[in-house]
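K.L.:
I have a structure here, written as C-alpha coordinates, and I will follow up with some questions on it.
The values are calculated or read from the model by the stated rules, or taken from the named source; none is laboratory data. Remember, it's a predicted structure, so these values are computed and weren't measured experimentally. FYI the Cβ positions are ideal-geometry reconstructions off the backbone, even for glycines, and counts take in every protein chain you see.
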Amino acid sequence: MNIQISKESDVPLREQVFAQLVLLIATRKLKPGDSLPSVRSLGRILKIHHNTVSEAYQDLAAQGFLVGRRGSRLVVRSPEEPLNEPAHKDLDDLINETIKTARQQGYTLQQLRHRVRERLLDAPPDHLLVLSTDAGILAVVRRELEEALQCSVAIDSPAAIAANPALLIGALVLSGPGALPAVLSSLPKNRPAIPILFAPGEAFTDRRGFRQPILSRHGARCVESAGWPTPLDEGVPRERSRPS
(Lines give C-alpha, C1' and ligand atoms only; values in the text may rest on other atoms or scores of the structure.)
Protein backbone atom coordinates (compact mmCIF):
# COMPACT_ATOMS: atom_id res chain seq x y z
CA MET A 1 0.00 0.00 0.00
CA ASN A 2 1.64 3.21 -1.23
CA ILE A 3 0.63 6.17 0.96
CA GLN A 4 2.60 9.38 0.90
CA ILE A 5 2.09 11.98 3.63
CA SER A 6 3.94 15.13 4.60
CA LYS A 7 4.28 16.28 8.18
CA GLU A 8 5.31 19.72 6.91
CA SER A 9 2.03 20.22 5.02
CA ASP A 10 -0.70 22.52 6.31
CA VAL A 11 -3.21 19.73 5.60
CA PRO A 12 -3.88 17.72 8.79
CA LEU A 13 -2.40 14.22 8.77
CA ARG A 14 -5.86 12.73 9.30
CA GLU A 15 -7.11 14.34 6.08
CA GLN A 16 -3.97 13.31 4.18
CA VAL A 17 -4.45 9.65 5.15
CA PHE A 18 -8.15 9.88 4.25
CA ALA A 19 -7.45 11.40 0.82
CA GLN A 20 -4.67 8.92 0.01
CA LEU A 21 -6.89 5.95 0.84
CA VAL A 22 -9.77 7.37 -1.20
CA LEU A 23 -7.36 7.69 -4.14
CA LEU A 24 -6.23 4.08 -3.74
CA ILE A 25 -9.85 2.92 -3.67
CA ALA A 26 -10.85 5.07 -6.67
CA THR A 27 -7.94 3.77 -8.75
CA ARG A 28 -8.69 0.20 -7.60
CA LYS A 29 -5.29 -0.20 -6.02
CA LEU A 30 -7.51 -1.17 -3.11
CA LYS A 31 -10.31 -3.37 -4.42
CA PRO A 32 -13.69 -4.22 -2.84
CA GLY A 33 -13.15 -6.77 -0.09
CA ASP A 34 -9.49 -5.87 0.49
CA SER A 35 -8.61 -5.58 4.18
CA LEU A 36 -6.91 -2.48 5.50
CA PRO A 37 -3.96 -2.73 7.86
CA SER A 38 -4.68 -2.35 11.57
CA VAL A 39 -4.48 1.22 12.83
CA ARG A 40 -1.33 0.41 14.79
CA SER A 41 0.33 -1.27 11.82
CA LEU A 42 -0.37 1.62 9.42
CA GLY A 43 0.61 4.11 12.11
CA ARG A 44 4.02 2.43 12.41
CA ILE A 45 4.47 2.39 8.64
CA LEU A 46 3.63 6.09 8.28
CA LYS A 47 5.39 7.04 11.55
CA ILE A 48 2.28 8.76 12.90
CA HIS A 49 0.07 8.12 15.93
CA HIS A 50 -2.36 5.25 15.55
CA ASN A 51 -5.20 7.52 16.74
CA THR A 52 -4.72 9.60 13.58
CA VAL A 53 -5.11 6.49 11.44
CA SER A 54 -8.16 5.43 13.47
CA GLU A 55 -9.83 8.80 12.86
CA ALA A 56 -9.15 8.57 9.11
CA TYR A 57 -10.64 5.05 9.05
CA GLN A 58 -13.73 6.30 10.88
CA ASP A 59 -14.16 9.07 8.30
CA LEU A 60 -13.88 6.54 5.47
CA ALA A 61 -16.41 4.22 7.10
CA ALA A 62 -18.81 7.11 7.75
CA GLN A 63 -18.71 8.06 4.06
CA GLY A 64 -19.26 4.49 2.88
CA PHE A 65 -15.79 3.65 1.59
CA LEU A 66 -15.19 0.98 4.24
CA VAL A 67 -17.33 -1.57 6.04
CA GLY A 68 -16.68 -3.81 9.00
CA ARG A 69 -16.57 -7.57 8.97
CA ARG A 70 -17.33 -9.59 12.10
CA GLY A 71 -14.08 -10.82 13.57
CA SER A 72 -11.93 -9.02 10.99
CA ARG A 73 -10.54 -5.63 10.08
CA LEU A 74 -12.19 -2.95 8.01
CA VAL A 75 -12.46 -3.80 4.32
CA VAL A 76 -13.13 -1.79 1.18
CA ARG A 77 -16.87 -1.67 0.52
CA SER A 78 -18.29 -2.93 -2.75
CA PRO A 79 -20.53 -0.36 -4.54
CA GLU A 80 -23.33 -2.96 -4.53
CA GLU A 81 -23.11 -3.50 -0.78
CA PRO A 82 -25.79 -1.74 1.31
CA LEU A 83 -24.72 0.98 3.69
CA ASN A 84 -26.87 -0.12 6.61
CA GLU A 85 -24.25 -2.51 8.00
CA PRO A 86 -22.62 -0.93 11.08
CA ALA A 87 -18.94 -0.12 10.68
CA HIS A 88 -16.54 -2.39 12.54
CA LYS A 89 -14.74 -0.69 15.42
CA ASP A 90 -11.48 -2.02 16.76
CA LEU A 91 -10.41 -1.75 20.38
CA ASP A 92 -8.57 1.53 19.82
CA ASP A 93 -11.75 3.09 18.40
CA LEU A 94 -13.76 2.03 21.44
CA ILE A 95 -11.11 3.35 23.84
CA ASN A 96 -10.91 6.67 21.99
CA GLU A 97 -14.69 7.09 22.13
CA THR A 98 -14.74 6.28 25.86
CA ILE A 99 -12.02 8.85 26.60
CA LYS A 100 -13.75 11.50 24.50
CA THR A 101 -17.14 10.89 26.13
CA ALA A 102 -15.69 10.89 29.65
CA ARG A 103 -13.97 14.23 29.03
CA GLN A 104 -17.15 15.71 27.59
CA GLN A 105 -18.96 14.67 30.76
CA GLY A 106 -16.34 16.38 32.92
CA TYR A 107 -14.46 13.33 34.21
CA THR A 108 -10.68 13.34 34.53
CA LEU A 109 -8.49 10.65 33.01
CA GLN A 110 -7.50 9.52 36.52
CA GLN A 111 -11.17 9.07 37.43
CA LEU A 112 -11.69 7.09 34.23
CA ARG A 113 -8.62 4.91 34.89
CA HIS A 114 -9.72 4.17 38.47
CA ARG A 115 -13.30 3.29 37.51
CA VAL A 116 -12.28 1.16 34.50
CA ARG A 117 -9.87 -0.82 36.67
CA GLU A 118 -12.63 -1.41 39.26
CA ARG A 119 -15.01 -2.64 36.58
CA LEU A 120 -12.39 -4.92 35.02
CA LEU A 121 -11.63 -6.50 38.39
CA ASP A 122 -15.36 -7.06 39.02
CA ALA A 123 -16.04 -8.51 35.56
CA PRO A 124 -16.61 -12.29 35.30
CA PRO A 125 -13.34 -14.19 34.74
CA ASP A 126 -12.34 -15.31 31.25
CA HIS A 127 -9.37 -17.50 32.22
CA LEU A 128 -7.76 -19.41 35.08
CA LEU A 129 -4.61 -18.17 36.80
CA VAL A 130 -2.58 -20.76 38.73
CA LEU A 131 -0.14 -19.45 41.34
CA SER A 132 2.80 -21.31 42.80
CA THR A 133 6.43 -20.75 43.67
CA ASP A 134 7.35 -23.99 41.86
CA ALA A 135 7.81 -23.33 38.12
CA GLY A 136 7.89 -27.05 37.33
CA ILE A 137 4.54 -27.70 38.97
CA LEU A 138 3.02 -24.68 37.21
CA ALA A 139 3.98 -25.98 33.77
CA VAL A 140 2.47 -29.42 34.40
CA VAL A 141 -0.74 -28.14 36.02
CA ARG A 142 -1.28 -25.63 33.23
CA ARG A 143 -1.08 -28.38 30.60
CA GLU A 144 -3.42 -30.70 32.50
CA LEU A 145 -5.98 -27.97 33.22
CA GLU A 146 -6.07 -26.87 29.59
CA GLU A 147 -6.63 -30.44 28.43
CA ALA A 148 -9.27 -31.21 31.05
CA LEU A 149 -11.24 -27.97 31.02
CA GLN A 150 -10.63 -26.67 27.48
CA CYS A 151 -10.13 -23.10 28.70
CA SER A 152 -7.37 -20.52 28.81
CA VAL A 153 -4.93 -21.05 31.69
CA ALA A 154 -2.22 -18.62 32.79
CA ILE A 155 0.50 -19.35 35.34
CA ASP A 156 2.56 -17.02 37.50
CA SER A 157 4.37 -16.58 40.78
CA PRO A 158 3.03 -14.70 43.82
CA ALA A 159 5.92 -12.23 43.48
CA ALA A 160 4.90 -11.33 39.92
CA ILE A 161 1.29 -10.74 41.01
CA ALA A 162 2.38 -8.64 43.98
CA ALA A 163 4.50 -6.50 41.65
CA ASN A 164 1.72 -6.17 39.05
CA PRO A 165 -1.79 -6.76 40.49
CA ALA A 166 -3.30 -5.92 37.08
CA LEU A 167 -2.46 -9.53 36.12
CA LEU A 168 -5.46 -10.55 38.24
CA ILE A 169 -7.88 -8.82 35.85
CA GLY A 170 -10.13 -11.41 34.24
CA ALA A 171 -8.62 -14.26 36.26
CA LEU A 172 -10.10 -16.94 38.49
CA VAL A 173 -7.16 -17.66 40.77
CA LEU A 174 -6.13 -21.18 41.78
CA SER A 175 -3.49 -20.87 44.48
CA GLY A 176 -0.98 -23.51 45.47
CA PRO A 177 0.39 -23.96 49.01
CA GLY A 178 2.04 -20.84 50.38
CA ALA A 179 1.15 -18.66 47.41
CA LEU A 180 -2.14 -17.19 48.63
CA PRO A 181 -1.02 -14.81 51.44
CA ALA A 182 1.10 -12.73 49.06
CA VAL A 183 -1.83 -11.90 46.77
CA LEU A 184 -4.79 -11.99 49.18
CA SER A 185 -5.10 -8.22 49.54
CA SER A 186 -5.14 -7.73 45.75
CA LEU A 187 -7.95 -10.20 44.99
CA PRO A 188 -11.43 -8.91 44.10
CA LYS A 189 -13.75 -9.29 47.10
CA ASN A 190 -16.40 -11.04 45.01
CA ARG A 191 -13.97 -13.58 43.54
CA PRO A 192 -11.76 -15.23 46.19
CA ALA A 193 -8.98 -17.58 45.20
CA ILE A 194 -9.53 -21.34 45.14
CA PRO A 195 -6.85 -23.11 47.23
CA ILE A 196 -5.40 -26.21 45.61
CA LEU A 197 -2.93 -28.90 46.67
CA PHE A 198 -0.57 -30.85 44.44
CA ALA A 199 -0.28 -34.63 44.89
CA PRO A 200 1.76 -37.33 43.11
CA GLY A 201 0.02 -38.46 39.94
CA GLU A 202 0.30 -42.15 40.85
CA ALA A 203 -1.67 -41.81 44.07
CA PHE A 204 -5.34 -41.02 44.64
CA THR A 205 -7.99 -41.49 47.31
CA ASP A 206 -11.14 -43.42 46.38
CA ARG A 207 -14.60 -43.13 47.95
CA ARG A 208 -13.64 -45.51 50.78
CA GLY A 209 -10.69 -43.37 51.79
CA PHE A 210 -8.04 -45.74 50.39
CA ARG A 211 -5.17 -44.55 48.24
CA GLN A 212 -5.46 -45.89 44.70
CA PRO A 213 -2.94 -45.70 41.85
CA ILE A 214 -3.73 -43.21 39.09
CA LEU A 215 -1.70 -43.11 35.90
CA SER A 216 -1.30 -39.48 34.87
CA ARG A 217 -0.91 -38.95 31.13
CA HIS A 218 2.05 -36.70 31.85
CA GLY A 219 3.39 -38.94 34.62
CA ALA A 220 3.25 -36.04 37.01
CA ARG A 221 0.52 -34.76 39.29
CA CYS A 222 -3.16 -34.40 39.92
CA VAL A 223 -4.83 -31.47 41.63
CA GLU A 224 -6.80 -31.36 44.84
CA SER A 225 -9.22 -28.44 45.12
CA ALA A 226 -10.49 -27.58 48.62
CA GLY A 227 -9.41 -31.05 49.78
CA TRP A 228 -11.27 -32.95 47.03
CA PRO A 229 -8.84 -34.76 44.70
CA THR A 230 -9.56 -34.51 40.97
CA PRO A 231 -7.40 -36.39 38.44
CA LEU A 232 -7.42 -33.84 35.65
CA ASP A 233 -6.48 -36.40 33.00
CA GLU A 234 -9.69 -38.31 33.79
CA GLY A 235 -11.78 -35.17 33.28
CA VAL A 236 -14.35 -36.19 35.97
CA PRO A 237 -13.73 -36.05 39.74
CA ARG A 238 -13.97 -39.31 41.63
CA GLU A 239 -16.18 -39.34 44.69
CA ARG A 240 -14.85 -39.53 48.18
CA SER A 241 -16.71 -39.55 51.48
CA ARG A 242 -15.90 -36.64 53.71
CA PRO A 243 -13.80 -37.63 56.70
CA SER A 244 -15.72 -37.66 59.95
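K.L.:
Could you tell me whether Asp156 is of a type in the set (Asp, Glu) and in contact with a Leu (Cβ under 8 Å, 6 or more places away or on another chain)? Give the derivation first.
P.N.:
On the way: of a type in the set (Asp, Glu): yes; in contact with a Leu (Cβ under 8 Å, 6 or more places away or on another chain): yes.
It is true that Asp156 is of a type in the set (Asp, Glu) and in contact with a Leu (Cβ under 8 Å, 6 or more places away or on another chain).
K.L.:
Only one residue in Ala56, Ala102, Ala61 is crowded, with 16+ Cβ neighbours inside 10 Å, within 30 Å of Pro188 (Cα to Cα) and not β-branched (Val, Ile, Thr). Which one?
P.N.:
On the way: Ala56 fails: within 30 Å of Pro188 (Cα to Cα); Ala61 fails: within 30 Å of Pro188 (Cα to Cα).
Selected residue: Ala102, the only one of Ala56, Ala102, Ala61 that is crowded, with 16+ Cβ neighbours inside 10 Å, within 30 Å of Pro188 (Cα to Cα) and not β-branched (Val, Ile, Thr).
K.L.:
Which of (1) touching a strand residue (DSSP E or B) at 6+ places or on another chain (Cβ under 8 Å); (2) assigned by TED's automatic domain parsing to the domain that holds Leu197 does Gly136 not meet, given it meets every other one?
P.N.:
Of (1) touching a strand residue (DSSP E or B) at 6+ places or on another chain (Cβ under 8 Å); (2) assigned by TED's automatic domain parsing to the domain that holds Leu197, only one is false for Gly136: (1).
K.L.:
OK, next. Does Leu149 meet the test of being closer than 30 Å to Glu55 by Cα and surrounded by fewer than 18 Cβ atoms within 10 Å (Cβ to Cβ)?
P.N.:
No, not satisfied.
K.L.:
To continue, here is another question. For Val76, only one of the following conditions fails: (1) out of contact with any Pro (no Cβ under 8 Å at 6 or more places or on another chain); (2) surrounded by 11 or more Cβ atoms within 10 Å (Cβ to Cβ). What is its number?
P.N.:
Val76 satisfies all of (1) out of contact with any Pro (no Cβ under 8 Å at 6 or more places or on another chain); (2) surrounded by 11 or more Cβ atoms within 10 Å (Cβ to Cβ) except (1).
K.L.:
Keeping to the range 103-130, report how many residues are modelled with pLDDT of 90 or more and over 11 Å from Ala171 (Cα atoms).
P.N.:
Residues that pass the stated criteria total 14.
K.L.:
If the Cβ limit is 6 Å and pairs must be 6+ apart or interchain, which residue in the range 173-189 that is over 15 Å from Asp122 (Cα atoms) pairs with which residue that is surrounded by fewer than 17 Cβ atoms within 10 Å (Cβ to Cβ)?
P.N.:
Partner pairs satisfying both residue conditions: Leu174/Ile194; Ser175/Pro195; Ala182/Ala162.
K.L.:
Exactly one condition in (1) closer than 27 Å to Ser41 by Cβ; (2) touching a Gly at 6+ places or on another chain (Cβ under 8 Å); (3) polar (S, T, N, Q); (4) not assigned by TED's automatic domain parsing to the domain that holds Lys29 is not met by Ser78; state its number.
P.N.:
(4)
K.L.:
Shifting gears a bit: How about the range 58-68: which of its residues are touching a residue at least 24 places away in the same chain (Cβ under 8 Å) and more than 9 Å from Arg14 (Cβ to Cβ)? Before the answer, list the steps.
P.N.:
At the first step, the residues of the range 58-68 found to be touching a residue at least 24 places away in the same chain (Cβ under 8 Å) are 58-62, 65-66.
Of everything in the range 58-68, those that are touching a residue at least 24 places away in the same chain (Cβ under 8 Å) and more than 9 Å from Arg14 (Cβ to Cβ) turn out to be Gln58, Leu60, Ala61, Ala62, Phe65, Leu66.
K.L.:
Looking at the range 29-47, can you tell me whether even one residue there is among the polar types (S, T, N, Q) and in contact with a strand residue (DSSP E or B) (Cβ under 6 Å, 6 or more places away or on another chain)?
P.N.:
The answer is yes, given that some residue of the range 29-47 is among the polar types (S, T, N, Q) and in contact with a strand residue (DSSP E or B) (Cβ under 6 Å, 6 or more places away or on another chain).
K.L.:
Any idea how many residues of the range 30-67 are of a type outside the set (Ser, Thr, Tyr) and in a helix (DSSP H, G or I)? Show your work before the answer.
P.N.:
At the first step, the residues of the range 30-67 found to be of a type outside the set (Ser, Thr, Tyr) are 30-34, 36-37, 39-40, 42-51, 53, 55-56, 58-67.
Narrowing further to those that are in a helix (DSSP H, G or I): 39-40, 42-46, 50-51, 53, 55-56, 58-62.
Within the range 30-67, residues that are of a type outside the set (Ser, Thr, Tyr) and in a helix (DSSP H, G or I) number 17.
K.L.:
Name every residue in the range 108-146 that is without any contact (Cβ under 8 Å) to a residue 60 or more places away in the chain, farther than 19 Å from Leu167 by Cβ and either among the charged types (D, E, K, R) or loosely packed, with under 15 Cβ neighbours inside 10 Å (or both), in order of residue number.
P.N.:
Thr108, Leu109, Gln110, Gln111, Arg115, Gly136
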